[in-house]
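To start, the structure itself, in structure tokens.
The values are calculated or read from the model by the stated rules, or taken from the named source; none is laboratory data. Just so we're clear, the structure is a prediction, and the values are computed from it rather than from any experiment. Don't worry about glycine lacking a Cβ; one is built from the backbone with ideal geometry, like all the others, and counts go over all protein chains shown. Heads up: the accessible areas ignore ligands, DNA and RNA and are worked out on the full protein's heavy atoms, side chains in. Shrake-Rupley method; radii C 1.70, N 1.55, O 1.52, S 1.80 Å.
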Amino acid sequence: MELYVLFGTFTVLLLIGTPVAFCLGTASFATIVYLGLPPVVVFQRLNSGVSVFALMAIPFFIYAGVLMVRGDIARRLVALAGTWVGSFRGGLGQVNIVASVLFGGVSGSAAADASAIGGLMIPQMRDKGYDVDYAVNVTVVSSIIALMLPPSHNLIIYSISGGGRISIADLFTAGIIPGIILALSLMTAAWFVAKKHNYPTEPFPGFRIMGSLFIGAVPGLILIAIIFGGVRSGVFTASESSCIAVVYAFLITALAYRTLSWEAFTDATFAAVRTTAMVLLVIGCAASFGWLLAYLRVPAELVVFLQGLSENPFVILLMINIALLVLGTFMDMSPLIVITTPIFLPVAVAFGVDPVHFGIIMILNLGIGLCTPPVGAVLFVGCAVGNVPVWQAVRSIWPFYFAALATLLLVTYIPALSLWLPALFR
Amino acid sequence: GAAAACEITLRSSDTHPEGYPTVAAVEHLGELVKERTDGRVCVEVYHSAQLGEEKDTIEQTQFGVIDMNRVSMGPFNNIIEETKVFSLPYIFRSTEHMHQVLDGEIGQDVLAAFEDHDLIGLAYYDAGARSFYNSQKPVKTLEDLKGMKFRVMQSDVFVDMVSALGGNATPMPYGEVYSSIQTGVIDGAENNWPSYESSGHFEVAKYYTLDQHLMVPEVLVMSKKSWEKLSAEDQEALREAARESVPFMRKMWAEREEASREQVLKAGAEIVEEVDKTAFIDAMKPVYEKHVTSDNLKQIVERIQAVK
Amino acid sequence: MRSTMLRAAHFTGALATFSLWASGIGLVLMTVFITWQVFGRFVLNDTPTWTESVSVIIMGWFIFLGAAVGIREGYHLSFDVMLHILPRRVRKILHTVSDTVVIAFGGGMAGFGLQLAQQTWSSTIPNVGWPVGVTYLALVFGGFLMVLFSIERVLRRFAGLSTVRFADIDNTDGD
Ligand code: NA
Ligand code: NA
């Protein structure tokens with residue numbers, strides 16, 4: 001019965017359009033009252049759920065990302081990517097994907113990637129004779145790469161939702177190879193689609209221009225180097241690196257590019273505050289929700305239930321993947337991570353799956369959900385930037401879904417893709 | 001005979017994983033209680049910090065949301081004054097000394113102090129002795145420690161202790177310690193044998209100096225609200241079971257320490273046993289002066305030192 | 001009623017702006033403190049021990065204040081696929097139900113937050129020395145502002161004024 005109160009209240013409030021954080025909080029509140037326990041615990045969990053040092057990386061990475069989008073960094077990375085893969089079949093589509101790889105190294109947000117890269121690439125692709133839906137499709141699905149490559153604040157959310165004992169440094173490192181595989185498989189899909197529609201290629205600009213564009217992109221690339229170099233050489237920790245990213249982004253935009261006026265600075269700060277407050281309130285309320293799930297023994301009983309269904313971890317992982325894909329079509333990424341990690345992670349661990357590996361599966365899976373209707377933040381951003389209706393973009397997106405799902409299967413069933421690199425660094 | 005279903009289920013929190021001596025001890029206690037109440041009272045352990053970190057679960061126990069809680073003495077330092085003495089460096093001369101103090105009058109007096117804070121103190125469990133480990137060199141003297149960065153828990157006493165020893169105290173979340181030692185953000189940390197082993201820190205910090213600066217016992221507390229709901233006879237059964245779980249726990253703890261020690265040694269850790277402990281203890285004077293301020297604390301410290 | 005609400009909007013608008021500035025300053029302070037922490041440890045070999053705790057407290061404050069501003073500005077995440085298939089009148093009722101839920105929860109934050117602050121006021125935060133209750137005061141202020149801003153939403157809706165909805169799609173609803 002308690003579970004009906006918990007999930008029932010949550011679902012009803014969600015459907016009538018109550019903000020997700022309050023659906024989670026109020027459902028926990030109602031359940032605590034139903035159980036006859038002191039409701040004060042709901043608000044204690046809310047407070048301690050957001051009072052976690054590692055969570056600080058979320059405002060910092062978001063802040064750094066906002067500053068960088070306002071600086072000139074995204075445009076320069078796109079220009080650089082153009083010199084590398086522009087002459088491949090489907091030229092600008094390939095450029096778009098590689099630009100997402102570069103941008104993904106400085107940003108942890110798929111929506112930021114879709115608006116920054118999409119804003120630059122989609123109009124350009126349209127002018128060169130590409131179909132707009134192709135331009136939007138490539139932009140949207142390749143944005144998932146930003147989630148996989150470090151930094152990724154969603155991996156931090158995962159680590160904390162998993163009890164805060166999963167190494168963030170390991171998670172960051174683990175995402176690199178799957179992120180690159182995703183890029184390669186999307187490039188393959190882009191190649192096939194481009195061949196079918198006979199899309200143009202870009203002429204190779206020559207090594208001189210390649211060199212000068214590379215130099216122009218260096219400040220953006222240096223950030224990647226600073227974060228990695230700084231963490232690996234012991235100057236700062238993985239969570240502190242997010243703060244250094246803010247300082248660096250501030251110095252670059254304020255001093256090097258001189259694109260940061262006082263108004264732009266306060267705007268960027270307020271934008272970061274708004275996004276962070278929204279995301280972290282959900283995390284705090286989900287901490288109450290997660291506490292109740294643990295109190296009511298939901299994960300423990302789910303493990304027993306699933307063990308009764310199958311003893312094969314492959315089958316269990318497939319079921320979890322399908323559940324996450326379905327949930328992902330309806331809900332946003334960060335609330336889903338905080339809600340489902342305490343439920344599914346113990347199951348995965350009971351079946352012998354490494355928590356780091358499971359984190360990568362989860363991020364990739366829910367990343368795909370960001371690109372699907374009916375609720376897909378990144379899909380909406382891409383369609384808004386390209387000015388195409390969602391249904392039109394989705395009609396031709398399937399080759400990219402296929403590539404992303406194929407990558408998900410590879411990442412799910414070959415743990416080494418996620419675990420080999422962190423083990424190397426250990 | 002335990003035939004009937006549980007009428008009362010006491011939920012107990014623990015931050016350690018399943019199979020850890022504290023978790024096993026509370027589970028053992030649960031079996032004893034169930035047996036002696038004819039199955040009426042059961043204990044269910046929520047291990048691995050499922051219900052939150054120690055600081056949070058202490059508050060939850062005070063509210064009566066959870067019934068029992070196995071926690072370190074450390075987080076109580078800023079709540080219950082008397083508990084501070086157990087977090088003083090080198091307060092106990094040895095494990096035997098510690099057991100003498102805890103099992104005797106002083107231990108009972110400190111447990112009694114919990115009652116003013118809506119808690120009932122049931123039992124003390126072992127947590128071994130904490131010592132320094134680092135990635136740089138075998139530390140034998142105070143001179144060796146100078147300027148080294150050690151991770152400590154967020155606690156005034158522990159920070160002051162490391163500073164007084166000449167080190168650089170660096171508070172940091174536990175989850176970041178491994179990679180921070182590995183990359184050189186810090187030089188080392190401090191902990192007991194089982195944690196040194198299970199955290200994997202021995203892989204990156206192979207020099208373990210047995211200076212045994214802290215012996216902070218664990219404590220099993222119960223919510224006063226839940227306690228008062230029990231009948232006098234169930235309360236007595238619980239107290240007795242708690243008492244009996246202590247030797248069970250101590251035995252398991254010793255075994256666990258030994259197993260960890262063997263594993264760490266096999267992995268090539270270098271153990272420094274001959275430490276100039278008197279120099280370390282002398283260096284603690286300012287720490288005692290700063291933190292043992294009230295007459296109450298001074299008295300307890302003197303009583304502990306008087307225990308043979 | 002319309003004119004009263006418009007006058008009230010000046011007041012709540014000023015409160016929201018103040019909260020936003022406080023949150024923004026908090027974010028900048030956090031950046032400064034953590035940078036100082038890295039500098040102190042790496043360059044001075046003397047790690048400041050207060051930076052971590054103080055930054056976490058500031059973060060709590062700016063999350064709850066920022067989240068309250070989010071109620072007034074309507075930028076919280078919500079799921080409104082179902083709302084689209086409903087007639088406008090029903091939608092308006094459901095919006096008011098949502099606002100009432102926020103009022104209840106915000107009230108809980110303020111009330112129980114105060115209780116938590118009182119209970120923990122005598123405990124101190126290690127290496128900072130402040131009462132633990134300080135961390136819970138953020139809940140109190142944030143919750144109070146959430147209640148205030150939600151009441152404003154409901155009253156504006158009854159007065160026939162616009163309220164910004166929680167997702168982009170419904171931005172113009174309630175005009
Ligand atoms: Na990224
Ligand atoms: Na979706």
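All conditions in (1) more than 16 Å from ligand 2 (Cβ to nearest atom); (2) closer than 19 Å to A:Asp113 by Cα; (3) open to solvent by 30 Å² or more (accessible area, probe 1.4 Å); (4) not hydrophobic (A, V, I, L, M, F, W, C) hold for A:Gly386, with the sole exception of (3).
The listed residues are B:Gly64, B:Gly74, and the only one of them that is open to solvent by 10 Å² or more (accessible area, probe 1.4 Å), within 13 Å of the chain's Cα centre (by Cα) and either of a type in the set (Phe, Trp, Tyr) or closer than 26 Å to B:Tyr46 by Cα (or both) turns out to be B:Gly74. Among the residues of region A:369-380, those identified as more than 6 Å from ligand 2 (Cβ to nearest atom) and surrounded by fewer than 24 Cβ atoms within 10 Å (Cβ to Cβ) are A:Pro373, A:Pro374, A:Ala377, A:Phe380. Here A:Val279 meets each of (1) under 23 Å from the mean Cα position of the chain (by Cα); (2) not in a helix (DSSP H, G or I) with one exception, condition (2).
Within region C:66-90, the set of residues being over 29 Å from C:Ser19 (Cα atoms) and either open to solvent by less than 30 Å² (accessible area, probe 1.4 Å) or more than 8 Å from chain A (Cβ to nearest Cβ) (or both) comprises C:Leu83, C:His84, C:Ile85, C:Leu86, C:Pro87, C:Arg88, C:Arg89, C:Val90. If you check A:Asp170, A:Asp133, which single one turns out to be in contact (Cβ under 8 Å) with a residue 60 or more places away in the chain, away from ligand 1 (no atom under 16 Å from the Cβ) and among the charged types (D, E, K, R)? None of the other options fit; the residue is A:Asp133. Every test in (1) over 22 Å from A:Ile156 (Cβ atoms); (2) away from ligand 2 (no atom under 12 Å from the Cβ); (3) away from chain C (no Cβ under 14 Å); (4) open to solvent by 40 Å² or more (accessible area, probe 1.4 Å) is passed by A:Tyr401 save one, and that test is (2). Only one entry in C:Phe105, C:Phe141, C:Phe158, C:Phe112 is of a type outside the set (Asp, Glu), more than 19 Å from A:Leu24 (Cβ to Cβ) and at pLDDT 95 or above, namely C:Phe141. Would you pick out the residues in region B:25-48 that are farther than 16 Å from B:Lys229 by Cβ and either hydroxyl-bearing (Ser, Thr, Tyr) or open to solvent by less than 20 Å² (accessible area, probe 1.4 Å) (or both)? Selection gives B:Ala25, B:Val26, B:Leu29, B:Gly30, B:Gly39, B:Val45, B:Tyr46, B:Ser48. In summary, helices (runs of 4 or more DSSP H) completely within region A:76-165 and bearing 3 or more residues that are among the hydroxyl-bearing types (Ser, Thr, Tyr) and either at pLDDT 85 or above or within 30 Å of A:Phe358 (Cβ to Cβ) (or both) occur at A:132-142, A:153-161.
If you filter region C:106-119 down to residues that are at the interface with chain A (Cβ under 9 Å from one of its Cβ atoms) and more than 21 Å from A:Val273 (Cβ to Cβ), you find that the one that is farthest from the chain's Cα centre (by Cα) is C:Gln119.
Checking the structure you have, find out if any residue of region C:69-78 is within 21 Å of C:Thr17 (Cα to Cα) and touching a His at 6+ places or on another chain (Cβ under 8 Å). Within region C:69-78 (the criterion being within 21 Å of C:Thr17 (Cα to Cα) and touching a His at 6+ places or on another chain (Cβ under 8 Å)), the answer is yes, since at least one residue qualifies. Condition check: β-branched (Val, Ile, Thr), open to solvent by 60 Å² or more (accessible area, probe 1.4 Å) and under 27 Å from A:Leu55 (Cα atoms). Does C:Ile25 satisfy that? When the stated conditions are applied, C:Ile25 passes them.
Consider region A:290-338 and keep the residues that are open to solvent by less than 20 Å² (accessible area, probe 1.4 Å) and within 16 Å of ligand 2 (Cβ to nearest atom). The one that is modelled with the lowest pLDDT is A:Pro335.
Checking B:Ala241, B:Ala269 one by one, the residue that is closer than 30 Å to B:Thr37 by Cβ, in contact (Cβ under 8 Å) with a residue 40 or more places away in the chain and of a type in the set (A, V, I, L, M) is B:Ala241 and no other. If the condition is being assigned to a loop (DSSP other than H, G, I, E, B) and either polar (S, T, N, Q) or crowded, with 20+ Cβ neighbours inside 10 Å (or both), then region A:208-234 contributes only A:Ser233. Any residue that is among the aromatic types (Phe, Trp, Tyr) and facing chain A (nearest Cβ under 10 Å) - is there at least one of those in region C:124-133? No: region C:124-133 contains no residue that is among the aromatic types (Phe, Trp, Tyr) and facing chain A (nearest Cβ under 10 Å). Within region C:28-65, the set of residues being open to solvent by 10 Å² or more (accessible area, probe 1.4 Å) and more than 8 Å from every other protein chain (Cβ to nearest Cβ) comprises C:Leu29, C:Val32, C:Phe33, C:Trp36, C:Phe39, C:Val43, C:Leu44, C:Pro48, C:Trp50, C:Val54, C:Ile58, C:Trp61. Considering (1) among the aromatic types (Phe, Trp, Tyr); (2) without any contact (Cβ under 8 Å) to a residue 24 or more places away in the chain; (3) under 30 Å from A:Gly211 (Cβ atoms), the lone condition that A:Tyr4 does not fulfil carries the number (3).
Only one of the numbered conditions (1) within 13 Å of ligand 1 (Cβ to nearest atom); (2) over 23 Å from A:Leu92 (Cα atoms) is violated by A:Ala183, and that is (2). Taking every residue in region A:325-349 that is closer than 20 Å to B:Gln50 by Cβ and part of a helix (DSSP H, G or I) and pairing it with any residue that is more than 16 Å from ligand 1 (Cβ to nearest atom) and hydroxyl-bearing (Ser, Thr, Tyr), at least 6 positions away or on another chain, the pairs with Cβ-Cβ distances below 9 Å are A:Ile337/A:Ser161; A:Val338/A:Ser161; A:Ile339/A:Ser161; A:Thr340/A:Ser161; A:Thr341/A:Ser161; A:Pro342/A:Ser161; A:Leu345/A:Ser161; A:Pro346/B:Ser48. Total residues in region A:86-101 satisfying the condition of being of a type in the set (Val, Ile, Thr) and closer than 15 Å to A:Lys128 by Cβ: the figure is 1. Identification of helices (runs of 4 or more DSSP H) wholly contained in region B:130-230 with 1 or more residues that are surrounded by fewer than 24 Cβ atoms within 10 Å (Cβ to Cβ) and within 14 Å of chain A (Cβ to nearest Cβ) yields B:177-183, B:193-198, B:201-204, B:224-229.
Does A:Leu293 count as in a helix (DSSP H, G or I) and in contact with a His (Cβ under 8 Å, 6 or more places away or on another chain)? It is false that A:Leu293 is in a helix (DSSP H, G or I) and in contact with a His (Cβ under 8 Å, 6 or more places away or on another chain).
Residues of region A:30-42 that are free of Cβ contacts under 8 Å to residues at least 60 places away in the same chain and either crowded, with 23+ Cβ neighbours inside 10 Å or aromatic (Phe, Trp, Tyr) (or both): A:Tyr34 alone. Within region A:179-207, being open to solvent by 20 Å² or more (accessible area, probe 1.4 Å), in a loop (DSSP other than H, G, I, E, B) and aromatic (Phe, Trp, Tyr) holds for one residue alone: A:Phe204.
May I ask you to verify whether A:Ala111 is in contact (Cβ under 8 Å) with a residue 60 or more places away in the chain, within 16 Å of ligand 2 (Cβ to nearest atom) and within 14 Å of chain C (Cβ to nearest Cβ)? For A:Ala111, the condition - in contact (Cβ under 8 Å) with a residue 60 or more places away in the chain, within 16 Å of ligand 2 (Cβ to nearest atom) and within 14 Å of chain C (Cβ to nearest Cβ) - is met.
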